[in-house]
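Structure first, commentary second.
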Amino acid sequence: MKHILLLATGGTIASKPTQEGLTPEIDSEELLRCVPEAADICRITAEQLFALDSSNVHAAHWLAIARHIEKCFEDYDGFVITHGTDTMAYTAAALSYLIQYSPKPVLITGSQKSIYDRDTDARRNLLDALRYAADDRSHGVAVVFDGKVIIGTRARKTRTRSFNAFSSIDYPELAVIREGRVIPYIETPKPASPVFYHAMNPRVFVLRLVPGQDGAIFDDLARHYDAAVVEGFGMGGLPLQVGVRVKNEIEMIEAHTMTIEAIVTKLMWALGQTKDPRQVRSLFCRPVAKDLL
Ligand code: ASP
């Protein structure tokens, strides 16, 4: 039987109603007790990494998760992380850069309702994630949610309330899980051994252009940030004033069909490895886990 490490980090899945609203108070052992059927799928060790609403999760937490997995990588066959849904796609993308070429699955799941809610999606999602983690064909970082398995660099929360909260952007789902059965759509060869990274630089800003944007904004950004992601219009179109500044004064890298979550975390990862803009560009442009096709 496969041995899976369950790492709890908070989120709605682990929340109880309190006077301050829903707070993530259910620990990893208690989560596990809510899915007794899991004992038929795999052997599980449960650990609590932190207990946060995911709006408070950032680069330091991504590094802590990756470090923890690295420390005990040889002891388990796979890893399931329970997490809030709001920033789950960022965590999935960040872990895709911090843990590359993993021959073991590193899966992230959560839910739209607390595990104690009568009509919760939490039990299904947690059991599906454990099921996929125990599947011989699984490897790498992915989100498991509402019966879909989405590669970590392509996940996006596209619905706020629906159980069908996550979509795979510009890439097919890796697998679906129907009535407890894993049905793979895309099978890729298992890499031999993982590469872990230990640094990220969070000084990345996202600028979504609005019509009439003043290009002088880049002077302010340059004072506080090491990189800016500029979300242009349509296929990346830039208005004249911004376009001229970007072309003449700024090292520009195209992100093609990457998700904003992947762009931001890949930049943080690349800037964590080097300060040299040319090396940042070369790290950024190297495809990782289907982020660039
Ligand atoms: N605010 C919660 C969180 O992201 C929402 C959720 O888990 O669905 O932690």
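The values are calculated or read from the model by the stated rules, or taken from the named source; none is laboratory data. Here the structure is a predicted model, which is why all the values come from computation and not from measurement. Backbone-built Cβ (ideal geometry, glycine too); neighbour counts: all protein chains shown. Just the protein is used for accessible areas: all its heavy atoms, side chains included, with ligands, DNA and RNA removed. Shrake-Rupley method; radii C 1.70, N 1.55, O 1.52, S 1.80 Å.
Once you have the Kirkwood Rh of the chain from its Cα pairs, apply Stokes-Einstein at 10 °C and 1.306 mPa s and quote D in µm²/s.
Numbers: Rh = 19.7 Å.
Taking Rh from Cα pairs, D becomes 81 µm²/s.
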Principal axis dimensions, largest first and in whole angstrom, of the stretch 16-72 by Cα: 35, 33, 11
What does the highest-first list of 179-185, 281-287 look like by mean Cβ count within 10 Å? 281-287, 179-185
Which value, in debye to the nearest 20, gives the size of the charge dipole of the stretch 201-267 about its Cα centre, when Lys and Arg are +1 and Asp and Glu are -1 at the Cβ? 40 debye
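First check a/c for the stretch 131-190, with a ≥ b ≥ c the square roots of the eigenvalues of its C-alpha gyration tensor; if it is under 1.5, answer rounded, and if not, answer prolate when a/b is larger than b/c or oblate otherwise. Walk me through the numbers on the way to the answer.
Values: a/c = 2.17, a/b = 1.39, b/c = 1.56.
It comes out oblate by the Cα gyration axes.
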Taking Cα atoms only, helix 122-133 is inclined relative to the longest principal axis of the chain by an angle, in degrees rounded to 10, of 80 degrees
Distance in nm between pseudo-label sites at Thr45 and Leu221 (7 Å out along the Cβ direction from Cα): 4.4 nm
Given 10 Å bins starting at zero, what is the percent of C-alpha pairs of the stretch 96-238 in each, up to the one with the largest pair distance? 10, 30, 27, 22, 10, 1
Hydrodynamic radius of the stretch 203-293 per Kirkwood, over alpha carbon pairs, in Å: 13.7 Å
In the neighborhood of Arg43, defined by Cβ-to-Cβ distances under 10 Å, what is the net charge if each Lys or Arg adds +1 and each Asp or Glu adds -1? 0
Measuring from label point to label point, each 7 Å out along Cα→Cβ, what is the Val195 to Lys71 span in nm? 2.5 nm
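Let me make sure I get this right: for the stretch 1-141, a, b and c are the square roots of the gyration tensor eigenvalues over alpha carbons, sorted descending. Under 1.5 in a/c it's rounded, otherwise prolate if a/b > b/c, else oblate. Which is it?
Taking the square roots of the gyration eigenvalues as a ≥ b ≥ c, the stretch 1-141 is oblate.
Please report, largest first and rounded to whole Å, the three semi-axes of the ellipsoid equivalent to the stretch 167-207, where each semi-axis is the square root of five times an eigenvalue of the C-alpha gyration tensor.
Working: eigenvalues 182, 73, 21 Å².
Each semi-axis is √(5λ); the values are 30, 19, 10 Å.
With the full set of protein chains in place, find how many percent of the accessible area of the chain is carbon and sulfur; take the probe as 1.4 Å.
Values: 7080 of 13990 Å².
About 51 percent, which is the carbon plus sulfur part of the accessible surface.
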State the answer as a single residue: which of Val144, Ala216, Leu240 lies farthest towards the positive end of the charge dipole of the chain, with beta carbon charges of +1 for Lys and Arg and -1 for Asp and Glu, about the Cα centre. Leu240
What distance in nm lies between label points placed 7 Å from Cα along the C-beta direction at Arg181 and Ile250? 5.1 nm
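In debye to the nearest 20, how big a dipole does the chain give about its Cα centre with +1 on each Lys and Arg Cβ and -1 on each Asp and Glu Cβ? Working shown, then result.
On the way: 33 positive and 36 negative charges, 104 e Å.
Result for the chain is approximately 500 debye, rounded to the nearest 20.
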For the stretch 110-156, what class follows from the C-alpha gyration tensor (a ≥ b ≥ c being the square roots of its eigenvalues): rounded when a/c is under 1.5, otherwise prolate if a/b is larger than b/c, else oblate? oblate
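Could you give the length gained on full extension between Met235 and Leu207, defined as 0.36 nm per residue of separation minus the Cα-Cα distance, in nm?
On the way: separation 28, 0.36 × 28 = 10.08 nm, distance 1.54 nm.
Full-extension gain reported as 8.5 nm.
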